[in-house]
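Derivation of every value follows stated rules applied to the coordinates shown; laboratory data play no part. Keep in mind the model is a prediction, meaning the values are calculated, not measured. Heads up, the Cβs are rebuilt from the backbone with ideal geometry, glycines too, and the neighbour counts pull from every protein chain shown.
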Amino acid sequence: MSYKQQYAKVLHDVIGDALSQEEIEQLIEQPKHEDHGDLAFPCFQLAKAFRKAPMMIATELAEKIDNPLFSNVQAAGPYVNVFLNREIVSREIVKRVLEEKQAYGSSEPTGKTIVTDFSSPNIAKPFSMGHLRSTVIGNALNQISRKKGYDVVGINHLGDWGTQFGKLMVAYNMWGKEEDVRAEPIKELLKLYVRFHEEAEDNPALEDEGRAWFKKLEQGDEQATALWTWFREVSLVEFNRVYQMLGVSFDSLNGEAFYNDKMQHVIDLLEEKELLVESEGAMVVDLEAEGMPPALIKKKDGATLYATRDLAAAVYRLETYGFEQAFYVVGGEQALHFKQLFAVLKKLGFENVDGMHHVPFGLIMKDGKKMSTRKGRIVLLEEVLQDAINVAKQNIAEKNPNLANAEQTAREVGVGAVIFHDLKNERMNNIEFDLEQMLKFEGETGPYVQYTNARANSLLRKGEYDGSAFVGSADDYSWGVVSMLNQFSTVIDRAFTRREPSIISRYVLDLAQSFNKYYGQVRVLEEDAEKQSRLALVKSVTIVLTEGLRLLGVGAPEEM
Ligand code: ARG
């Protein structure tokens with residue numbers, strides 16, 4: 001039971017049935033100022049039942065509350081403020097963290113499913129900075145959702161279908177060389193695609209040929225399918241290198257192509273409900289009443305679109321996974337697409353539309369401009385991550401030249417820095433990409449949190465922590481740490497409901513900071529009777545920092 005719940009129970013015992021314990025719990029606040037206590041209950045809602053002014057009620061309630069959990073109970077205007085007994089509470093919290101270990105802060109299984117659609121790069125094209133953001137944010141949301149007790153199905157909705165693949169086949173058949181594509185798949189395929197567009201300007205017949213090849217592919221032509229399969233495979237080999245570096249995996253790689261044979265089903269449903277109307281030869285769903293442009297379902301030539309495949313995907317996912325919620329972690333540019341998608345699903349009478357959320361995010365900027373992996377050198381992302389690892393390696397070599405696991409640690413620190421930098425600010429903000437800055441050991445960086453954790457771990461080794469409990473009296477510095485530890489599950493809740501991993505990043509920064517304050521003021525390793533008790537607090541900090549970083553997809557080396 002949380003302290004809020006315990007306070008609600010104590011209040012319920014003295015209030016009686018005017019409010020239920022749950023209602024009381026909902027009303028309890030956390031005062032903005034520490035000197036107003038740790039928890040506050042506003043009495044306004046009792047005025048009617050008690051036929052008294054809230055201030056009077058507060059005074060009376062404060063007098064009646066007598067519980068060892070609270071060191072002080074005060075009426076402050078219409079509020080009943082309580083101060084937690086720091087000694088009792090500190091011991092309890094640290095004990096809980098030490099017992100529950102990485103399960104600290106976890107919720108009971110809900111038995112419900114969340115489907116996340118994340119990363120989703122396009123085959124035969126470079127993995128963009130936008131896809132990096134989607135990957136990192138989506139992965140964190142998956143971990144946070146699992147922590148909240150959900151089953152998560154993480155889907156990489158690969159962009160592996162559409163007329164562009166017909167064009168690519170034409171280009172490959174005319175100018176492509178197998179060994180070149182094998183050597184550097186995405187670079188070569190992109191080159192072919194660019195050349196196609198250049199040549200098509202003078203020779204429009206190429207476009208028709210491209211469409212014809214895509215048609216072949218749609219109809220399962222052997223040669224077209226073999227080429228498509230190969231393009232997809234070699235692209236995935238490159239993408240997988242990035243995923244491996246980031247430590248991200250998927251439960252499904254069903255991309256757009258997967259829905260090729262599932263679109264007719266949706267079109268039938270739309271027709272049954274008489275939602276499809278003709279517009280300039282194309283089939284659309286009118287969304288005027290919703291204040292949106294019509295959703296294009298079928299082109300004049302009968303070809304389906306990105307939106308059609310997303311409709312089919314939503315229907316398939318609901319039928320297959322029976323999800324309670326679905327997250328689409330996709331850049332803000334696609335906001336209208338998802339609004340239209342949800343609106344059409346609603347018109348279809350689809351259940352759970354309210355549980356479907358577009359989770360948008362801002363851009364990655366470099367020197368004030370949108371950072372792009374398309375211009376200039378290709379497949380930059382892998383190089384970006386490698387650069388980060390190299391800088392981390394140097395930083396570590398300066399700080400700790402004898403580190404045993406230097407290679408692996410540099411990977412965790414370098415890649416972790418990139419991920420943390422991405423997740424540090426609210427996702428809608430644009431990010432300035434500054435490698436030097438994000439790899440610093442001080443300031444609001446991943447390495448700062450990792451280094452704090454590593455230092456705490458080294459205290460445990462030096463002090464030979466023996467698993468003792470925390471029995472220390474609660475000075476201000478340890479209380480600062482303990483009250484942060486206590487907030488972990490509330491923080492996870494907030495990050496989950498707002499679909500905002502930055503709430504966890506901020507939290508681990510704050511926890512690291514409060515620990516560093518403690519460490520700066522208290523001689524942890526002093527050989528006295530309380531040394532092992534202090535180390536118990538240190539241990540609980542390492543547990544929560546490590547778990548917090550894990551939720552973000554960032555490693556926590558014990559030594560660095
Ligand atoms: N492949 C798309 C792109 O790169 C993103 C797909 C997002 N997911 C979806 N279900 N539409 O823009």
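Some observations on this one:
- Amide hydrogen proximity for His358: with H placed 1.01 Å from N in the peptide plane, the residues at 5 or more positions away or on another chain lying under 5 Å are Tyr328.
- In Hz, Karplus ³J(HN,Hα) per residue of region 235-245 (6.51, -1.76, 1.60; θ = phi - 60°; x = Gly, Pro): 5, 5, 4, 5, 4, 4, 4, 5, 4, 5, 4
- With neighbour counts taken as other beta-carbon atoms within 10 Å, the residues Glu256, Glu324, Glu34 rank, fewest first, as Glu34, Glu324, Glu256.
- Label-point separation, Ala212 to Glu280 (7 Å along Cα→Cβ), nm: 2.7 nm
- The Glu319 and Glu288 beta-carbon pair, evaluated with R₀ = 35 Å, returns a calculated FRET efficiency of approximately 0.75.
- Under the combined filter of DSSP loop state and at most 15 neighbouring Cβ atoms within 10 Å, region 438-485 retains these GluC sites (Glu not before Pro): Glu442, Glu464.
- Of the beta bridges in the chain, as assigned by DSSP with both residues counted there, near 55 percent are antiparallel.
- FRET efficiency for the Val194 to Thr490 pair, using the beta carbon distance and R₀ = 60 Å, is estimated at 0.75.
- Proxy reagent accessibility, fewest Cβ within 10 Å first, across Met1, Met356: Met1, Met356
- Tensor-based shape of region 163-234 (alpha-carbon gyration tensor, a/c under 1.5 rounded, otherwise prolate or oblate): oblate
- When you restrict to C-alpha pairs under 8 Å that are six or more residues apart and normalise by the size of region 170-276, the relative contact order lands at 22 percent.
- Net lengthening on full extension, Met428/Gln408 (0.36 nm per residue, minus Cα-Cα): 4.0 nm
- In Hz, Karplus ³J(HN,Hα) per residue of region 408-418 (6.51, -1.76, 1.60; θ = phi - 60°; x = Gly, Pro): 4, 5, 4, 5, 5, 6, x, 5, x, 5, 5
- Relative contact order, whole percent, for the chain stands at 15, derived from Cα pairs under 8 Å and 6 or more residues apart.
- Region 385-507, relative contact order in percent, only Cα pairs under 8 angstrom and at least six apart counted: 25 percent
- Exposure proxy order (Cβ contacts within 10 Å, fewest to most) of Ser279, Ser120: Ser279, Ser120
- The overall shape of region 444-557 is prolate: from the C-alpha gyration tensor, with semi-axes ordered a ≥ b ≥ c, the ratio a/c is 1.5 or greater and a/b exceeds b/c.
- Residues whose amide H lies under 5 Å from that of Ile364, counting only those 5 or more places away or on a different chain, are Met371, Ile431; hydrogens are built 1.01 Å from N in the peptide plane.
- Backbone N under 20 Å from the Glu351 label point (7 Å along Cα→Cβ), restricted to region 116-155: 116, 150-153
- Whole-Hz couplings from phi, Karplus 6.51/-1.76/1.60, listed for region 299-307; x for Gly and Pro: 6, 3, 7, x, 6, 8, 10, 3, 5
- Gly154 long-range amide H proximity, modeled H, under 5 Å: Thr116, Asp251, Ser252
- Size of charge dipole - region 380-552 - debye, nearest 20, with Cβ of Lys, Arg +1 and Asp, Glu -1, no other charges: 300 debye
- Distance (nanometres) between label positions extended 7 Å along Cα→Cβ at Gln30 and Asn203: 6.6 nm
- Prolate/oblate/rounded label for the chain (Cα gyration tensor, a/c 1.5): oblate
- Net charge in the neighbourhood of Ala474 (other residues with Cβ under 15 Å of its Cβ; Lys, Arg +1, Asp, Glu -1) is -2.
- Distance-filtered residues of region 382-396 - backbone nitrogen under 13 Å, label point 7 angstrom along Arg461 Cα→Cβ: none
- For region 223-295, fraction of C-alpha pairs farther apart than 15 Å, in %: 72 percent
- Each of Gln264 and Lys370 was given a label point 7 Å from its Cα along the Cα-to-Cβ line. The distance between the two points is 3.8 nm.
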